[in-house]
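Student: Following this message is one structure expressed as structure tokens.
The values are calculated or read from the model by the stated rules, or taken from the named source; none is laboratory data. Given the structure is predicted, the values throughout are model-derived calculations rather than measurements. Positions of Cβ are backbone-derived with ideal geometry, glycine not excepted, and every protein chain shown enters the neighbour counts. When the accessible area is computed, the model is the full protein with side chains, heavy atoms only, and any ligands, DNA or RNA have been set aside. Shrake-Rupley method; radii C 1.70, N 1.55, O 1.52, S 1.80 Å.
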Amino acid sequence: MRPLEFGRLAWRSIGSHRLRSALTTLGIIIGIAAVIAFVTLGASLQAGLLGDISPDDQRNLYGWAADPDTEGGPLAGAQPVFTQDDLERVDELEDVDAAYGYMPISTQALAYDGELTPQSDALIAAGPPYIRPATIDEGRQFEMGEREAVINPAVAGQFEENVSVGDELTIVRQGGEQTSVTVVGITDSSEGLSPFEGFEPSPRVYVPTDPYYTEEVDGIGAGFEDGEAAEDEAGEAEPADDDNDEPATAEDARFLAIVVEAPSADEGDIDQARDSALAVLESGDSDASELLGDDLEITMQTSTELLQQLQDVLDLLQNFIVGIAAISLVVGSIGIANIMLVSVTERTREIGIMKAVGAQNRDVLGLFLTEAVVLGIIGAILGTVLGLAVGYAGAWYIDIPLVYPYEYVALAVAVGILVGVLSGLYPAWRAARTDPIDALRYE
Amino acid sequence: MATGTAVSLKHVRKTYQLAEPVHALDGVDLEIPEGSYTAIMGPSGSGKSTLMNLVGCLDTPTDGTVVVGGQDVGDLDDRERTTLRGTTVGFVFQTFNLMPRLTALENVALPQLFQGISRGERNDRARELLERVGLGDRMDHMPNELSGGQRQRVALARALVNDPTIVLADEPSGNLDTETEADVLDLFDEFHDAGTTMLVVTHERHVASRAERIVHLLDGQIERIEELDGSETSPRSSAGQTTGHDRDHGHDHDPDHDERTGPASGANG
Ligand SMILES: Nc1ncnc2c1ncn2[C@@H]1O[C@H](COP(=O)(O)OP(=O)(O)OP(=O)(O)O)[C@@H](O)[C@H]1O
Ligand SMILES: [Mg+2]
């Protein structure tokens, strides 16, 4: 007997018990839907994270100094150790295309055209290459030493009137003093440009470290001159020159992080750039090395490497949830097995008739097995559709690009078949074993 | 045509081990020639259905041998026995035994499904048989949409679908009115004329009288074999005369009553 004939007969008997069949497959549907939904969301989340690493970001190395025991993402526990001098020496390395400092600067507010919006963490000082050309929607990178800024669309749209290239913005510093800045570029997205910022959209103003950060350090230096107390307060975290008598200058500015640009995204190039940069920074000649020690070490990683940690956590979580969902699959199989057993008992007489007119044991086995498998496949297909829909809705809701894990769809159908076979095997075997005489006598 | 032996039973015993052993068949010897038409009569519980099940390869004897179509059923494994009953034997059950969720056409085609015959071919054959039993206009009806007589005819068509050499019918006319019964019996005659070996269990004299000979069963044993050309063999000499008496009065009495009481009174007398 051919599989197609089995399928036709199985479909017949499933169709004649619609409600029962539907309830039976529900367990499978829910199990598979849960797995597919979580896997879809997981894959989408990963793609969302990885997709944020633009190709020309892949050659950037992000470095900071922190206690090696500190857990967490980029900049966790970071201390400002890198001086302008250090950065320049790394920048001059042959294996390195460019190196510049990175420093978030606290502010009070941003003002445009007389309109003030409170803003505490929008200002980021970095080198011009930090604004990668591909991320600029309009205008150009800022230039070092100029009072220029690149803003993101979130800032541009924050005021009554849209800020555009060429406009002047006023930054109100933490201390209250104001500096103005000319907008020279607007980025294409409000998401962070590097793992340092995090990827979530938020208003950001990118400015050159010189003059914006060095200027601030000058200010602090001035403060130190006035009172001894200020120095104590600053503590270890605010490293001052060994020689306290001299006022702090731009040279003393210490950056929280360093961005090193390798010549290409090639793994060899990146490793070489990393090794050379670390060699310079950790050598006794660098200013940073004075502060490094057992509880302050430099970490230097690419965006991809940094995200890997996040992904590992995500994978773990996903496996856990998928594991729980798989339990519902087991429950679903038990449901199918149960209903098949009922069905075999109920159709004892039919089995007897079939055997009496020449059905072999394997025909009866195949018939009932097919029925269980068809139930399993229906459950798997409906579960997959439902799971993808839920995944789609979820991805849409948390605003990440949707990635369909196609291999899981194939896997789900395979699981459906497997569940059908496993749960149908015993009932089908019972059916096949039925003695035709007993079965025909069965009332 | 009727040269060989279609069915041969030797010392066949079928015992059910209950609290006390029940001998459904108790040493039966019977030869059924190819192309013959045999009726089996006997009171309820005398072992008629048990005999049919053995000949139909649905069951195996406790003792003795059953040879069907030249093959010893006891020597066959389950698979071979299934093949034999699928191809050589056509069984018409007293209770129809149609598949409730299949149409008349599908029911008739079912045995061929298990022989691996294609759907188109199956349906053509089933249609042809349904036409022949007068159900050309009921092919797509479900069994529960058919009358008792129509169901019986569907069961008959199904029994014939694989061109069996032996047709077994266990009380085929039990549920039929006189007219439909006559139709079914006419069909039996037709098959018999075409060379099929017919074995029909009945309680009714006029049904049995269509056959060439009647095997009378009693308490699991052959009481006597009545050749309808007049002659008679009786393995039990004591019962011989009583049955002759039965035959004379067959038309006056309720035949069913006759069958049940006749041999019993014979045994008493
Ligand atoms: N599965 C069984 N278990 C125990 N005893 C059985 C079984 N099947 C049949 N018998 C017994 O065997 C005997 C013969 O049964 P069988 O069905 O052959 O009778 P029958 O001649 O067909 O009767 P009826 O005319 O009522 O159909 C009966 O006494 C019955 O009780
Ligand atoms: Mg019977």
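Student: Rounded to the nearest 500 deg cm²/dmol, what is the calculated helix-only ellipticity per residue at 222 nm for chain A, with -39500 (n - 2.57) per DSSP H run of length n ≥ 4?
Tutor: Details: 13 runs with 228 residues, N = 443.
Here the helix-only value at 222 nm equals -17500 deg cm²/dmol.
Student: Here's another thing I want to ask about it. Report the net charge of residues surrounding A:Phe6, where surrounding means a beta-carbon distance below 12 angstrom and charges are Lys +1, Arg +1, Asp -1, Glu -1. Intermediate values should be presented prior to the final figure.
Tutor: Details: positive: A:Arg2, A:Arg8, A:Arg12, A:Arg362; negative: A:Glu5, A:Asp363, A:Glu371.
After counting each charged neighbour, the total is +1.
Student: Calculate the mean, over all residues of peptide A:343-355, of how many other protein chain Cβ atoms lie within 10 angstrom of the residue's Cβ. Kindly include the intermediate steps, with their values, before the conclusion.
Tutor: On the way: counts 0, 0, 0, 0, 3, 0, 4, 6, 0, 3, 12, 5, 6.
Whole-number average of other-chain Cβ neighbours for A:343-355 is 3.
Student: Based on the Cβ-Cβ distance from B:His206 to A:Trp11, what FRET efficiency comes out when R0 is 56 Å, to the nearest 0.05?
Tutor: Details: r = 46 Å, r/R0 = 0.82.
After rounding, the FRET efficiency stands at 0.75.
Student: While we're on this one: Once you place label points 7 Å from the Cα toward the Cβ at A:Arg140 and A:Ala76, how far apart are they in nm?
Tutor: Once both label points are built, they end up 4.1 nm from each other.
Student: If you roll a 1.4 angstrom probe over the protein chains with everything in place, what fraction of the accessible area of the range B:1-127 belongs to carbon and sulfur, to the nearest %?
Tutor: Ligands and nucleic acids excluded, carbon and sulfur reach 47 percent.
Student: Calculate the spin-label point distance for A:Ile398 paired with A:Arg20, positioning each point 7 Å from the Cα along the beta-carbon direction, and give it in nanometres.
Tutor: 4.2 nm
Student: Solvent-accessible area per residue for the range A:60-300 at a 1.4 Å probe radius, Å²? Let's see the in-between values first.
Tutor: Numbers: 10880 Å² over 241 residues.
Dividing the accessible area of the range A:60-300 by its residue count gives 45 Å².
Student: Using 1/(1 + (r/R0)^6) with R0 = 22 angstrom and r between the beta carbons of A:Val165 and A:Ala47, what's the FRET efficiency to the nearest 0.05?
Tutor: On the way: r = 32 Å, r/R0 = 1.45.
The value I calculate is 0.10.
Student: With θ set to phi - 60°, apply the Karplus curve 6.51 cos²θ - 1.76 cosθ + 1.60 along the range A:56-61 and write out the HN-Hα couplings as whole Hz, x wherever there is a Gly or Pro.
Tutor: Going residue by residue, I get 7, 8, 5, 9, 7, 10 Hz, with x marking Gly and Pro.
Student: May I pose another question? Compute the accessible area of each residue in the range A:394-443 twice, once for its chain alone and once with every protein chain present, using a 1.4 Å probe on heavy atoms, and list those whose area falls by at least 40 Å².
Tutor: Residues shielded by partner chains are A:Ile437, A:Leu440.
Student: So, counting K/R as plus one and D/E as minus one, what does the shell of residues with Cβ under 13 Å around B:His192 add up to? Could the numbers behind the result be given before it?
Tutor: Working: positive: B:Arg210, B:Arg213; negative: B:Glu34, B:Asp186, B:Asp189, B:Glu190, B:Asp193, B:Glu212.
That works out to -4.
Student: Calculate the tail of P(r) for the range A:60-300: the fraction of all Cα-Cα distances greater than 27 Å, expressed in %. Before the final figure, lay out the partial values.
Tutor: Numbers: 10373 of 28920 pairs.
Result: 36 percent of Cα pairs exceed 27 Å.
Student: Scan around A:Gln174 for amide H atoms under 5 Å from its own, H built in the peptide plane at 1.01 Å from N, and keep only partners 5 or more places away or cross-chain.
Tutor: Close amide H contacts, sequence-distant or interchain: A:Gln108.
Student: Check which residues have an amide H placed less than 5 Å from A:Asp167's amide H, if you skip close sequence neighbours.
Tutor: HN-HN under 5 Å from A:Asp167: A:Val183.
Student: Let me ask something additional. If you count, for every residue in B:89-102, the Cβ atoms of partner chains within 10 Å of its Cβ, what is the mean?
Tutor: Numbers: counts 3, 1, 4, 0, 4, 0, 3, 1, 8, 2, 8, 5, 8, 4.
Going residue by residue through B:89-102 and averaging, the value is 4.
Student: Quick one: go through the range A:173-196 and flag any residue whose amide nitrogen is under 17 Å from the point 7 Å out along the Cα-to-Cβ line of A:Ser120.
Tutor: A:173-176
Student: Quick one: which residues, 5 or more positions from A:Ala125 or on another chain, have an amide H under 5 Å from its amide H? H modelled 1.01 Å from N in the peptide plane, none for Pro or chain starts.
Tutor: Those lying under 5 Å, H to H, from A:Ala125 are A:Met103, A:Ile105, A:Val207.
Student: How much length would be gained if the chain were fully extended between A:Asp275 and A:Ser202, taking 0.36 nm per residue of separation minus their Cα-Cα distance, in nm to one decimal?
Tutor: Working: separation 73, 0.36 × 73 = 26.28 nm, distance 3.35 nm.
Stretched out fully, the A:Asp275 to A:Ser202 stretch lengthens by 22.9 nm.
Student: Where the accessible area of chain A is counted over protein heavy atoms with a 1.4 Å probe, how much of it, in %, is carbon and sulfur? List each step's numbers first, then the result.
Tutor: On the way: 11350 of 20510 Å².
Answer for chain A: carbon and sulfur cover 55 percent of the accessible area.
Student: Taking every pair of distinct Cα atoms and averaging 1/r, then inverting, what Kirkwood hydrodynamic radius in Å comes out for the protein assembly as shown? Walk me through the intermediate numbers first.
Tutor: On the way: mean 1/r = 0.0298 Å⁻¹.
It works out to 33.6 Å.
Student: Follow-up question, since we're still on this one. Probe radius 1.4 Å, ligands and nucleic acids left out: can you give me the accessible area buried at the B-A interface, summed over both chains, in Å² to the nearest hundred?
Tutor: Numbers: alone 12510 and 21780 Å², together 31820 Å².
Roughly 2500 Å² of accessible surface disappears when B and A pair.
Student: Calculate the FRET efficiency for B:Asp63 and A:Arg2 from the Cβ-Cβ distance with a Förster distance of 41 Å, rounded to the nearest 0.05.
Tutor: On the way: r = 40 Å, r/R0 = 0.99.
Here the calculated transfer efficiency is 0.50.
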